[in-house]
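Notes follow once the structure below has been shown.
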Amino acid sequence: MTEPVIALKNVCLRLGDGRVSVQVLNNVSLEIAEGETVGVVGPSGSGKSTLLMVTGGLERIDSGSVKIAGQEISGLDEDAVAAFRGRTIGIVFQSFHLIPNMTAIENVAIPLELAGVTDAFKIAKGELEAVGLGHRLDHYPGELSGGEQQRVAIARALAPSPRLLVADEPTGNLDQKTGRHVADLLFQKAKERHMTMLLVTHDPSLAERCDRQIALRSGEIDLPEVAPA
């Protein structure tokens, strides 16, 4: 039996201090297989984005286990987690998170260079061409539309050839038509590269495109898991 790409077991996380602390994730267990696309849905404040941050190695848990692509990451130090994330996990945020004084190709290439990847700019050029931005390599984020900025962010996430892609409301800052094009691109690339994708969204139509959906409520997974019609 193939090991799941995502394996969370009894994950708990409380944020804040003292009387204002909140139990954000409560005993969450979850397995997601190689090449599977999973949508995470639920009301605001249910823990969706925190679940994604934990899975992406961006938030430390209080207890439990987080294993990604066979690697237990919950016990690693920050440098080790960052190195593992750079090799294995691509992340797409709602707000793009591009560096404003770097061109599109620099935004994609610099993380690769920092990770010691050879031919970083050649890889970056290929990824930008793959998302339809071969003609915008030397443009700065401020010179790009929202949809173009998100495509740069997707190219950056895909550049290390990750096994796992996590996306937090990737169409949330885009108009409906542009959002649909970005969603098409995400699902196309996940299928082409046989990547596992964990997608947090408030958009039911986007969640329904996934192989299955998981509903969160008050930091817990609603059972049974919701399967697309």
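The values are calculated or read from the model by the stated rules, or taken from the named source; none is laboratory data. Bear in mind the structure is a predicted one, so any value in this text is a computation, not a measurement. All Cβ positions, even for glycine, are placed from backbone atoms using ideal geometry, and neighbour counts span all protein chains on display. To get the accessible areas, we keep the full protein, side chains included, count just its heavy atoms, and leave off ligands, DNA and RNA. Shrake-Rupley method; radii C 1.70, N 1.55, O 1.52, S 1.80 Å.
What about Ile123, is it open to solvent by less than 60 Å² (accessible area, probe 1.4 Å), part of a helix (DSSP H, G or I), closer than 21 Å to Arg193 by Cβ and touching a residue at least 60 places away in the same chain (Cβ under 8 Å)? When the stated conditions are applied, Ile123 does not pass them.
Candidates are the residues of the range 170-206 that are among the β-branched types (Val, Ile, Thr) and not in a helix (DSSP H, G or I); the one that is most open to solvent (accessible area, probe 1.4 Å) is Thr171.
Against the criterion of being modelled with pLDDT of 90 or more, over 19 Å from Ala7 (Cβ atoms), among the hydrophobic types (A, V, I, L, M, F, W, C) and in a helix (DSSP H, G or I), Ala215 does not qualify. Only a single item in (1) charged (D, E, K, R); (2) on the phi < 0 side of the Ramachandran plot; (3) in contact (Cβ under 8 Å) with a residue 60 or more places away in the chain is not met by Asp184, and it is number (3). Exactly one residue out of Ala157, Ala167 is of a type in the set (A, V, I, L, M, F, W, C), assigned to a helix (DSSP H, G or I) and within 18 Å of the chain's Cα centre (by Cα): that is Ala157. Pro170 falls short on exactly one of the conditions (1) closer than 14 Å to His181 by Cβ; (2) at pLDDT 95 or above; (3) not acidic (Asp, Glu), and that condition is (2). Cβ-Cβ distances below 7 Å connect the following pairs, each with a first residue in the range 41-61 that is under 22 Å from Asp211 (Cβ atoms), a second residue that is part of a loop (DSSP other than H, G, I, E, B) and among the β-branched types (Val, Ile, Thr), and a separation of six or more residues or different chains: Val41/Thr201; Val54/Ile61. Would you check which residues across the range 136-160 are open to solvent by 80 Å² or more (accessible area, probe 1.4 Å) and modelled with pLDDT under 95 and list them? Within the range 136-160, none qualify. Looking across the range 200-213 at every residue that is more than 14 Å from Ala33 (Cα to Cα) and of a type in the set (A, V, I, L, M, F, W, C), the one that is nearest to the chain's Cα centre (by Cα) is identified as Val200. Residues in the range 142-186 that are of a type in the set (Ser, Thr, Tyr) and under 11 Å from Val92 (Cβ atoms): Thr171 only.
Based on this model, can you work out whether Gly179 counts as modelled with pLDDT under 90 and within 20 Å of Gly147 (Cβ to Cβ)? Judged against the criteria, Gly179 is not a match. Here is the figure for the range 126-144: residues that are assigned to a helix (DSSP H, G or I), of a type in the set (D, E, K, R) and more than 13 Å from Ala157 (Cα to Cα) total 2.
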